[in-house]
Structures are given as structure tokens and as C-alpha cells.
Amino acid sequence: MARILVTEAIADGGLDRLRAAGHDVDVQLGLSPDDLRSAVIGAHALVIRSATTVDDDLLAAGGDLVVVGRAGIGLDNVDVAAATDRGVMVVNAPQSNIISAAEHTMALLLAQARNVPQAHAALIDGRWERSKWEGVELADKTLGIVGLGRIGKLVADRARAFQMRLVAYDPFVSADRARQMGVELMPLDQIVAESDFLTIHLPKTAETAGLIDRDLLLKARPTLRVVNVARGGIVEEQDLAECIRDGVIAGAALDVFDTEPTTQSPLFELPSVVVTPHLGASTREAQDKAGDAIADMVKLALDGDFVPWAVNVDAAEANETIRPFLPLAEQLGRLYGSLHGSSPDSFELCCEGEIAAYDTRILGLAVLKGFFSRISDDPVSYVNAPSMARGAGISMREITCAESDEYVNLISLRCTDHSISGTLAGRRRDQRIVEVDGHSVDVPPAEHMMVISNDDRPGVIGTVGVTLGGAGVNIADMDVGRVSADSATMVLTLTDEVPLRLVEQLRAAPGILSVKVLRG
């Protein structure tokens, strides 16, 4: 059972999932920075939203942390690099609020175009100002979308229904892909110059902070209206306010601000500005999705399983073809660690067959996770396994081959001295070890295994069976193969751990050349 510290309001459904899994869910809201540092001590997981800052000092205080879960998309309040250095997984819920954010973008777009909140405020204040709040139509206007990710695409889909012309800036989207969305790609300067509305859908990074500033806005039409439901700080608020006040652009609608929460901004004084207090994800549906998703991701992380939405795991998401091979790769890593006995300077991971057509980096992480869990007493995860390899001076070279001589798929680990290979067999995809140190075998991997080289003569197999049986160690599975005219190899899976004295007894038995104990 793990202790999970929750510092911001999360949907009850997600918390109930974690409690049902047997975890201690400790909800402490509104903590001061000092109280947070005290509360995180002894916690294995920290679940937050956007108001909790997770920096290196907090991570240092939370020495037992395995995972930080952000119930939402943005991670500008989490020092991901520091978490990675400390081996702490960072996960988010990237798809939980994308519909809500896209819909809120459209709400602000319409509110800005038709002056809805200003007219509402005037009417309830006793003023019928119908002519004062004349707006503009969206139809036939140009919408510039800065960032064509998940939310940007949804906004484009919705704006198309309003008969808007769609242009976009995104250096990571191809022109062909943009055309499939019905969007024309342009440089950012041209987007600003041609757009009637400009909507921002970027993460906040060192490159995007302050991206929309006065110099850029000076290239705009005086009819431009800027909408930001992404992250505060991407738009320079002072520059935006001055450009609206000076008539450089027509107005703006913002849901996010450089500092949050806030009740003061130069934008709040301007009648042509619409603002909301970071409501992009504030729908019942988004909250439920975020709570459920982050609970699932945190549970996977605490269980040591692959986490699809881990942002600091250096691998692509495991697809349906690759995912069944993750346990096998980790098992091979553990067996290889015990087979080698000491840390090799380098070794190869070779993926053959159908899996070679996919991104196999996650299999490499699983191998390293298994390898270091066998040779290190420190906790090992998909996050810190690469740094542990670098620290130990071990390099792993990954190679792929589209065809395998004997198997549909094959994963092999090898260096100059040792090798081991495995595959998944049958409809149930059972794990099988099919090669050890150049010897073909066919046994299931197990927690306790033994590789015995022996003279190929009668009675040796019987000696092994009698010796193990006499000590109460049962052989669960066994594969015997001749290596040459006078030598053979046995690979055994055992039900119990073999005591060292028994290993030494086997090594001293007539006809036994070597005994190596493997632990899966």
C-alpha cells in the first residue's frame, strides 16, 4: 500500500479508484509551501492540478516519491527535469480536458466577437446599450491558429462550422497533414498579418514564453482579436494591453494569465477585453476524465507498470503490438543481469520480426529496468533506468531486423560473453526463453532458473535430479540439448531458490562442467 498525497481538488471517482486499489489517499488542500514540504515526506505519489508548484526542493523533501500526477495537461508548474534526475515519473492527463478547452475557446471567440459579457453587465446595471455593443460575424473571417495539436485541431473543426477561413502556424505539422484538416500553414508573422482572430494553443516553454509581444502585434490588422486559453505568459499582457489601448488591434479574450490566481491586470481596465479565471478545463466532464485518468496513471506507476502518459519516459507510447512484449523484455533484463554476474561495459538489444517495424525504445527501457532491478538495491523505474545505466558506465545498443530465421518475433540481449533470447508463443502469448549463451532451449522464464553445462554421458541428468530432489527443490521445467559430441547443456526452471551449498555440491558432481544460477 502506498501513500498518495493529493493537494488540489480531484474528482471523487479518481480518488475512489486509488482507495479501491488499497492505497492510502491523503487529501490536504490549500497547503502553504512549508506545509507542503512537510506533508510530502513519506508520500509515494503526489497528485496536483495547476496551483501546486513542484520544484527540486519539494522533490528533495519527497524522497520516497515514485510519481507526480498532474490532473490536466499543462506542466509548467512541474520541474520535469529535476523529477527525471531524481527518478520520479511525471504523468499528466493530456486528453482529459481537450474538448472543454476547445469549447471554451469558441465561447471566448464568440463572446469577444459579440461583446456578450459587456452587454450583459450593462443590462443588469440598468443600461440598454444596444447600439454601443455592435459586434462582428465569424463567417468569412480568418482564424489564425497558433499550434495545431489536439486542442488546436478541435478548434479548427468547430471554427469550420462557422465558415471561417483557417490558417495556422505549427512547425511540427506537415503541409499535407494541415491540408487534410482544411488548414493552410503559414509563418507566424503572416498569420498575425492576415488574421481577424488569433487563438493560441501552445505549451508554455522557454521558446514560447512572450511569443505574442508588441513587435509581433504591430504587424496585425486593427481588426485583430487575440484569444488565449492555453497558458499565461505566452502573450505579453502589458504589450497586449498597450496595443489594444492604442488601437493597434481590436481586443482580446483571455482565460489564462502570467501569474495565477490574479485579480489585477492592465487588461482588466479595457472594455474590449473579455476575461475568465482559467475555466478552460472547468467542466464536470473534464474534471471526471482528469480524475479518472490520473488515478489510472498513478496506479500503473506505483505498480511498476508501463505508464502511457509518462512525460519523462524517453520512448514512444507502446502500441498494441509492442505492449505484450514489455514483461518479456523486463524479464530478459533480469535474467541477463544474473547471467552476466557483473556489469558489462556494453551489450546489444536486438528486436527481430514484426516488432522491428515499430518504435522499440520502450522495450529497451524495460530491459534496463529489469537489468538494474537485479543488480541494484535502489528502486528502478522506466524514468531512472537510463540514468542508472549512464552512471554505471553501461551502454546498450539497440538494433532491429525485420526478419527472424525461426520466430515471428524475437528479443535478444547479447555481449561478447553471454546472450539470452526470448519470444511469445501461442495464442496466449506465453513467454519462452529460446536461447541461452548460444544454446537453443525452450523453457518458460521463472524467478529461479539454472543453466548447467555437463559432459554428455549417462547419469548426469539423474545426478542433478537426485541432488535437487534430495534438498526439496522441485524442477518445474527442463530443456536438455547436446552442444557437441561430448558436451550438453541443461536449462532448468525451479520452484524454489537453490541454496549456495547445493550449487557448490552440483559443481563438484562428476560430469558437471559449470553451474550458473539465474533469477528472474
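To the nearest 10 square angstrom, what accessible area does TRP309 show with a 1.4 Å probe?
Here the accessible area works out near 70 Å².
³J(HN,Hα) across segment 458-467 via Karplus (A = 6.51, B = -1.76, C = 1.60, θ = phi - 60°), whole Hz, x for Gly/Pro?
So the Karplus estimates, Gly and Pro as x, are x, x, 5, 4, x, 4, 4, x, 5, 5 Hz.
Can you give the relative contact order of segment 273-425 as a percent, counting alpha carbon pairs under 8 Å and 6+ residues apart?
Rounded, it is 28 percent for segment 273-425.
For segment 8-78, which whole-number percentage of the solvent-accessible area (1.4 Å probe, protein heavy atoms only) is attributable to carbon and sulfur atoms?
Details: 1390 of 3040 Å².
Reported share for carbon and sulfur atoms: 46 percent.
Among all the lysines, which ones have a C-alpha under 26 Å from LYS204's C-alpha, if same-chain residues fewer than 8 places away are not counted?
LYS153, LYS219, LYS289
Any idea what angle helix 361-375 forms with the longest principal axis of the chain, computed on alpha-carbon atoms, 0 to 90 degrees, nearest 10?
Tilt relative to the chain: about 50 degrees.
What per residue convex hull volume, in Å³, do the alpha-carbon atoms of segment 185-237 yield?
Considering the Cα atoms of segment 185-237, their hull volume per residue is 81 Å³.
Does segment 1-105 come out rounded, prolate or oblate, given a ≥ b ≥ c as the square roots of the eigenvalues of its C-alpha gyration tensor, rounded meaning a/c under 1.5 and, failing that, prolate meaning a/b above b/c? Let's see the in-between values first.
On the way: a/c = 1.67, a/b = 1.25, b/c = 1.33.
Here segment 1-105 falls in the oblate category.
I'd like the GluC sites (Glu not before Pro) in segment 302-383 restricted to DSSP loop residues with at most 14 other Cβ atoms within 10 Å, sorted by number. Each step should come with its number before you reach the end.
Values: sites: GLU317, GLU320, GLU330, GLU348, GLU352, GLU354; in loops: GLU317, GLU320.
Sparse-neighbourhood loop GluC sites (Glu not before Pro): GLU317, GLU320.
Using only alpha carbon positions, build the gyration tensor of segment 327-439, then give the equivalent ellipsoid semi-axes as the square roots of 5 times its eigenvalues, largest first, whole angstrom.
Ellipsoid semi-axes (Å, largest first): 22, 14, 13.
For segment 394-437, taking Cα atoms only, what is the radius of gyration to one decimal and the Dmax to the nearest whole Å?
Cα radius of gyration and Dmax of segment 394-437 are 11.7, 36 Å respectively.
With a 1.4 Å probe and all protein chains kept in place, how do CYS350, CYS401 rank by accessible area, largest first?
Numbers: CYS350 5, CYS401 55 Å².
So the residues, ranked largest to smallest area, are CYS401, CYS350.
Taking the solvent-accessible surface of protein heavy atoms with a 1.4 Å probe, what is the per residue accessible area of the chain in Å²?
Heavy-atom accessible area per residue stands at 46 Å².
I'd like the Karplus ³J(HN,Hα) series for segment 294-310: coefficients 6.51, -1.76, 1.60, θ = phi - 60°, whole numbers in Hz, and an x wherever there's a Gly or Pro.
Karplus-based 3J(HN,Hα) across segment 294-310 equals 5, 4, 5, 5, 5, 4, 4, 5, 5, 7, x, 8, 5, 10, x, 10, 6 Hz.
Straight-line reach only, C-alpha to C-alpha below 30 angstrom: list the lysines that LYS516 could link to, leaving out same-chain residues fewer than 8 apart.
LYS369
Quick one: plug the Kirkwood hydrodynamic radius of segment 221-318 (C-alpha pairs) into Stokes-Einstein at 20 °C, 1.002 mPa s, and report D in µm²/s.
Numbers: Rh = 16.2 Å.
Rounded, D is 132 µm²/s.
About its Cα centre, what dipole magnitude does segment 381-511 give when the only charges are +1 on Lys and Arg Cβ and -1 on Asp and Glu Cβ, stated in debye to the nearest 20?
That gives segment 381-511 a dipole magnitude of about 280 debye.
Pop out the ³J(HN,Hα) list for segment 480-496 in order, Karplus 6.51 cos²θ - 1.76 cosθ + 1.60 with θ = phi - 60°, rounded to Hz; leave Gly and Pro as x.
Along segment 480-496, the couplings run 10, x, 7, 8, 8, 5, 10, 9, 8, 9, 10, 10, 10, 9, 10, 7, 9 Hz.
To the nearest 20 debye, what charge dipole does segment 136-259 have about its Cα centre, counting +1 at the Cβ of each Lys and Arg and -1 at the Cβ of each Asp and Glu?
With Lys and Arg at +1 and Asp and Glu at -1, about 500 debye.
Under the definition of Cα pairs under 8 Å and six or more residues apart, what whole-number percent is the relative contact order of the chain?
11 percent
Determine by what factor the alpha-carbon radius of gyration of segment 119-196 differs from 2.2 N^0.38 Å, reporting the quotient. Let's see the in-between values first.
Working: Rg = 16.4 Å, N = 78, 2.2 N^0.38 = 11.5 Å.
Ratio of Rg to 2.2 N^0.38 Å for segment 119-196: 1.43.
Just in segment 392-463: which trypsin sites (Lys or Arg not before Pro) are loop by DSSP and have at most 15 other Cβ atoms within 10 Å?
Values: sites: ARG397, ARG414, ARG427, ARG428, ARG429, ARG432; in loops: ARG427, ARG428, ARG429.
Loop-located and lightly packed - ARG427, ARG428, ARG429.
Give, in nm to one decimal, the length gained when the segment between ASP85 and SER487 is fully stretched (0.36 nm per residue of separation minus the Cα-Cα distance).
Taking ASP85 through SER487 to full extension adds about 139.9 nm, to one decimal.
Taking one equal scatterer on every alpha-carbon of the chain, how large is log10 of I(q)/I(0) by Debye at q = 0.11 1/Å?
The Debye formula, applied to the Cα set alone, gives -1.00.
Quick one: plug the Kirkwood hydrodynamic radius of segment 156-303 (C-alpha pairs) into Stokes-Einstein at 4 °C, 1.567 mPa s, and report D in µm²/s.
76 µm²/s
Could you work out the percent of alpha carbon pairs in segment 380-520 separated by over 21 Å, rounded to a whole number?
Result for the distance tail: 52 percent.
If you keep only loop residues by DSSP, which GluC sites (Glu not before Pro) in segment 133-205 have at most 13 other Cβ atoms within 10 Å of their Cβ? Could you put the intermediate results ahead of the total?
Values: sites: GLU134, GLU137, GLU184, GLU194; in loops: GLU134, GLU137.
In loop regions of segment 133-205 (DSSP not H, G, I, E or B), the sparsely surrounded GluC sites (Glu not before Pro) are GLU134, GLU137.
With a 1.4 Å probe and all protein chains in place, put LEU29, LEU424, LEU492 in order of accessible area, largest first.
Largest to smallest exposure gives the sequence LEU29, LEU424, LEU492.
Among residues other than ASP442 whose Cβ falls under 10 Å from its Cβ, what is the net charge (Lys/Arg +1, Asp/Glu -1)? Walk me through the numbers on the way to the answer.
Values: positive: ARG432; negative: GLU435, ASP477, ASP479.
Charge balance in the 10 Å sphere: -2.
Please list, in chain and number order, the residues 5+ apart from LEU513 or on another chain whose amide H is under 5 Å from its amide H, with Hs placed from the backbone.
Placed amide hydrogens put SER453, ASN454, ASP455 under 5 Å from LEU513.
Taking the Cα centre of segment 68-198 as the origin, how large is its charge dipole in debye, to the nearest 20, when only Lys and Arg (+1) and Asp and Glu (-1) carry charge on their Cβ atoms?
Computed charge dipole of segment 68-198: roughly 340 debye.
Which one of VAL68, THR321, VAL383 is farthest out on the positive end of the charge dipole of the chain, using unit charges on Cβ (Lys, Arg +1; Asp, Glu -1) and the Cα centre as origin?
THR321
Can you give the calculated 222 nm mean residue ellipticity of the chain, where each DSSP H run of n ≥ 4 adds -39,500 (n - 2.57) and the sum is split over every residue, rounded to the nearest 500 deg cm²/dmol? If you can, show how the numbers build up before the last one.
Working: 17 runs with 167 residues, N = 520.
Mean residue ellipticity, 222 nm, calculated: -9500 deg cm²/dmol.
The values are calculated or read from the model by the stated rules, or taken from the named source; none is laboratory data. For clarity, every value in this text was computed on a predicted model and none was experimentally measured. Cβ sites come from the backbone with ideal geometry, for glycine too, and all protein chains shown count toward neighbours. Heads up: the accessible areas ignore ligands, DNA and RNA and are worked out on the full protein's heavy atoms, side chains in. Shrake-Rupley method; radii C 1.70, N 1.55, O 1.52, S 1.80 Å.
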